[in-house]
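S.K.: What follows is a structure written as structure tokens; I'll ask about it next.
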Amino acid sequence: MPTAAKLRKYRSIASRSLQNVMAYRNSYIINILANTINLAAIFFLWQGIYGGREALGGYTWDQMKTYLLVTFLANSVLSWYSETAISGKILDGSVAMDLLKPVDFQTARFAETLGASLLEGAMSTVLLVLFTTFVTGIAFPHSLTVYLLFAISLLSAVVVKFGVVYLAALLCFWSTGSLGIVWTRIALTNLLSGALVPLAFFPDWLEKLALLLPFQAIIHTPTMIFLQQVDTVESLRLIGIQLFWGAALWLAGKALWSWAVRQVTIHGG
């Protein structure tokens, strides 16, 4: 199949995914409200932790406010939709129909994820803009280069996070439920990516371990670049590590999918 025809198929899948998200307006509005409350709660929690201190763990309060906003944006770019959609297909057996379609299952799920995340990311950006109008001291970069590197890093983080989510979802081939897998994945990702607290707050041994794992490429790298805690050369090196993990997780996903469809009887299929 020509490359252009393949791209049209996946673009169509992404568009349909976006339409599905927009069709459930009430659910989406509730999700936005929940995210708003979550962002406010985390902000006030850290405000209490700082309690008038100028800095903690090498972060000033202004830097921490910026860190929280960037973390919120990076987490919102890859929506919950991808996780529930993939595991749901496996558990209800509808994945069998995907085996008959002339598209790659992994690429199709990535296209669905991008479609759903487009709206999530856009609305989260609007929410952050509104939030910053009421919060002073946000440390925005003044260099166009930093914004460009941050955008590349954020896109790379999407690929890495999808790789982690996809691998976790495929474990449902060997499970009768997804809840335990999902919550374990979320706990590991939030802890080791720096979403809960910056990696600089970790004990030395745990920080070194986290930096060796792919999770840090999801939150830690984009925030380091946006906060200008690394120079241009180091930023490019960190983006290179993100791309390495993105490719490694993608190949791991292909290998696990190939093994799963050969050896596992689909629940409900």
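The values are calculated or read from the model by the stated rules, or taken from the named source; none is laboratory data. Computed from a prediction, not measured in an experiment: that's the story for all the values here. No Cβ is skipped: glycine too gets one built from the backbone with ideal geometry, and neighbour counts run over all protein chains shown. Surface areas here come from the heavy atoms of the whole protein model, side chains and all, with no ligands, DNA or RNA. Shrake-Rupley method; radii C 1.70, N 1.55, O 1.52, S 1.80 Å.
S.K.: For the list (1) surrounded by fewer than 21 Cβ atoms within 10 Å (Cβ to Cβ); (2) farther than 20 Å from VAL164 by Cβ; (3) not hydrophobic (A, V, I, L, M, F, W, C), I need the number of the one condition that TYR67 fails.
M.R.: Just one mismatch for TYR67, condition (1).
S.K.: Looking at ALA111, ALA40, which one is assigned to a helix (DSSP H, G or I), open to solvent by less than 50 Å² (accessible area, probe 1.4 Å) and more than 29 Å from SER15 (Cβ to Cβ)?
M.R.: On the way: ALA111 fails: more than 29 Å from SER15 (Cβ to Cβ).
On inspection, the qualifying residue turns out to be ALA40.
S.K.: Here is a follow-up. Picking from LEU196, LEU170, LEU206, LEU191, which residue would you name as being outside any loop (DSSP other than H, G, I, E, B) and open to solvent by 60 Å² or more (accessible area, probe 1.4 Å)? Even if it seems obvious, please write down each step before you answer.
M.R.: On the way: LEU196 fails: outside any loop (DSSP other than H, G, I, E, B); LEU170 fails: open to solvent by 60 Å² or more (accessible area, probe 1.4 Å); LEU206 fails: open to solvent by 60 Å² or more (accessible area, probe 1.4 Å).
Selected residue: LEU191, the only one of LEU196, LEU170, LEU206, LEU191 that is outside any loop (DSSP other than H, G, I, E, B) and open to solvent by 60 Å² or more (accessible area, probe 1.4 Å).
S.K.: Still on this model: Do we find that ALA116 is within 17 Å of the chain's Cα centre (by Cα) and without any contact (Cβ under 8 Å) to a residue 12 or more places away in the chain in this structure? Before you say what the answer is, go through the steps one by one.
M.R.: On the way: within 17 Å of the chain's Cα centre (by Cα): yes; without any contact (Cβ under 8 Å) to a residue 12 or more places away in the chain: no.
Against the criterion (within 17 Å of the chain's Cα centre (by Cα) and without any contact (Cβ under 8 Å) to a residue 12 or more places away in the chain), ALA116 does not qualify.
S.K.: What do you reckon, is ILE181 out of contact with any Asp or Glu (no Cβ under 8 Å at 6 or more places or on another chain), of a type in the set (A, V, I, L, M, F, W, C) and within 30 Å of THR60 (Cα to Cα)? So that I can check it myself, show each step before the final result.
M.R.: Numbers: out of contact with any Asp or Glu (no Cβ under 8 Å at 6 or more places or on another chain): yes; of a type in the set (A, V, I, L, M, F, W, C): yes; within 30 Å of THR60 (Cα to Cα): no.
Taking the combined requirement at face value, the residue does not satisfy it.
S.K.: Which one of ILE152, ILE138 is open to solvent by 40 Å² or more (accessible area, probe 1.4 Å) and farther than 28 Å from LEU91 by Cα? Lay out the reasoning, then the answer.
M.R.: On the way: ILE138 fails: open to solvent by 40 Å² or more (accessible area, probe 1.4 Å).
Going through ILE152, ILE138 in turn, just one is open to solvent by 40 Å² or more (accessible area, probe 1.4 Å) and farther than 28 Å from LEU91 by Cα: ILE152.
S.K.: Is it the case, given these coordinates, that ALA111 is in contact (Cβ under 8 Å) with a residue 60 or more places away in the chain and farther than 30 Å from GLU207 by Cβ? Spell out how you get there, then give the answer.
M.R.: On the way: in contact (Cβ under 8 Å) with a residue 60 or more places away in the chain: yes; farther than 30 Å from GLU207 by Cβ: yes.
When the stated conditions are applied, ALA111 passes them.
S.K.: Quick one: how many residues across region 229-258 are of a type in the set (Val, Ile, Thr) and within 18 Å of LEU213 (Cβ to Cβ)?
M.R.: Here is the first cut: in region 229-258, the ones of a type in the set (Val, Ile, Thr) are 230, 232-233, 239, 241.
Filter once more, so that each one left must be within 18 Å of LEU213 (Cβ to Cβ): 239, 241.
The qualifying residues number 2.
S.K.: Which condition number does LEU243 fail, the rest of (1) over 21 Å from the mean Cα position of the chain (by Cα); (2) in a helix (DSSP H, G or I); (3) among the aliphatic types (A, V, I, L, M) being met?
M.R.: If we test LEU243 against (1) over 21 Å from the mean Cα position of the chain (by Cα); (2) in a helix (DSSP H, G or I); (3) among the aliphatic types (A, V, I, L, M), just (1) comes out false.
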